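Below is one structure; the comments refer to it alone.
Just so it is clear, none of the values below were taken in a lab; they were calculated from the coordinates. Just so it is clear, the structure is predicted and the values come from calculations on it, not from any experiment. Cβ sites come from the backbone with ideal geometry, for glycine too, and all protein chains shown count toward neighbours.
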């Protein structure tokens, strides 16, 4: 995988933020992770984003975070890129995780914008400069909006674009994304990760990377990849046809918003619902770790009913190999 490919690709790349499968005993499910990696490859994903919020990073030990990265790189074998969140509670731990990621062949180290501790403009600049200089590998910054809005101001982002290691900003600060796009320089790509926004991101903002949330593996199964299909249609210049295909995913988006995005926007991590959806379509999801709780039996039935009502793909594919 060529890390520089994040910069101005000629055709749309699709990446996905993935969950961390756990067994019933709460152990890391390595066979499940390998199974999932093969599904991601079969879907034609360019890469995956691991050890992030959807991956329950707060519940992972550093040894587990390293193991997840190693498994994904091993399964990918050049067919699946890996972006790994390396941010930790201290800069030293962040650098340790980043050095490991670089050594095993991760495509990009992902750094979260600090939302606690030192976070003035000057301190944000110092933090990213310090870490990027020492990692010296392709870096993605994840700008996750808080209740107060974007933790990264466009003026600061514009200066960060001078860092040669910085390749992309993944930003969920939707109200501020246009300003962040205008601030981008030196070929740094800005990606709004929400698939629901992608048609506009592509047509109005020339975004050629869907560095996404979980939608690409929830909405698609091998042999039926509507997200990849409409993105390819956009790349071919047939906008009306692409828009029709994009609109056809509206029923699935309503389910995704109900069970994943709406709770997330309220500050309630939706990993239990995400994992049960994965289980229903033949991916390894499994249980969640504290402080999260598994879905109740009633909620599992409601989620399945919602998916059946919109003919979600893959519901019969529950035979994990």
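Taking the square roots of 5 times each eigenvalue of the Cα gyration tensor of the range 176-265, largest first, gives ellipsoid semi-axes of 22, 18, 11 Å. The average projected area of the chain, computed from the convex hull of its Cα atoms over all directions, is 15.1 nm².
Would you mind classifying the range 75-202 by shape? Square roots of the alpha carbon gyration tensor eigenvalues, ordered a ≥ b ≥ c; an a/c under 1.5 is rounded, otherwise it is prolate if a/b is larger than b/c and oblate if not.
It is oblate, given that a/c is not under 1.5 and a/b is not larger than b/c.
Comparing mean-square fluctuations of 245, 298, 184 from a GNM of the chain with C-alpha springs under 10 Å, the top value falls on 298. Adding -39500 (n - 2.57) for every DSSP H run of four residues or longer, then dividing by how many residues the chain holds, sets the calculated 222 nm ellipticity at -12500 deg cm²/dmol. Would you work out if the range 231-285 is rounded, prolate or oblate? Take a ≥ b ≥ c from the square roots of the eigenvalues of the alpha-carbon gyration tensor; rounded if a/c is under 1.5, else prolate when a/b is larger than b/c, oblate otherwise. Prolate shape, in that a/c is at least 1.5 and a/b is the bigger ratio.
Sorting the segments 138-146, 125-133 by their mean number of nearby beta carbons within 10 angstrom, highest to lowest, gives 138-146, 125-133. Segment residue 297..residue 186, full-extension length gain: 34.9 nm, with 0.36 nm per residue of separation and the alpha-carbon distance subtracted.
Only bridges whose two residues both fall in the range 12-236 count here: according to DSSP, what percent of them are antiparallel, nearest 5?
10
Of the residues 40, 211, 202, the one that moves most in a GNM of the chain with alpha-carbon contacts below 10 Å is 202.
Overall shape: oblate for the range 1-111, with the ratio a/c of the largest to smallest alpha carbon gyration tensor axis at 1.5 or above and b/c at least equal to a/b. Note on residue 119 and residue 224: with the Förster distance fixed at 56 Å, the Cβ-Cβ geometry gives a FRET efficiency of about 0.80.
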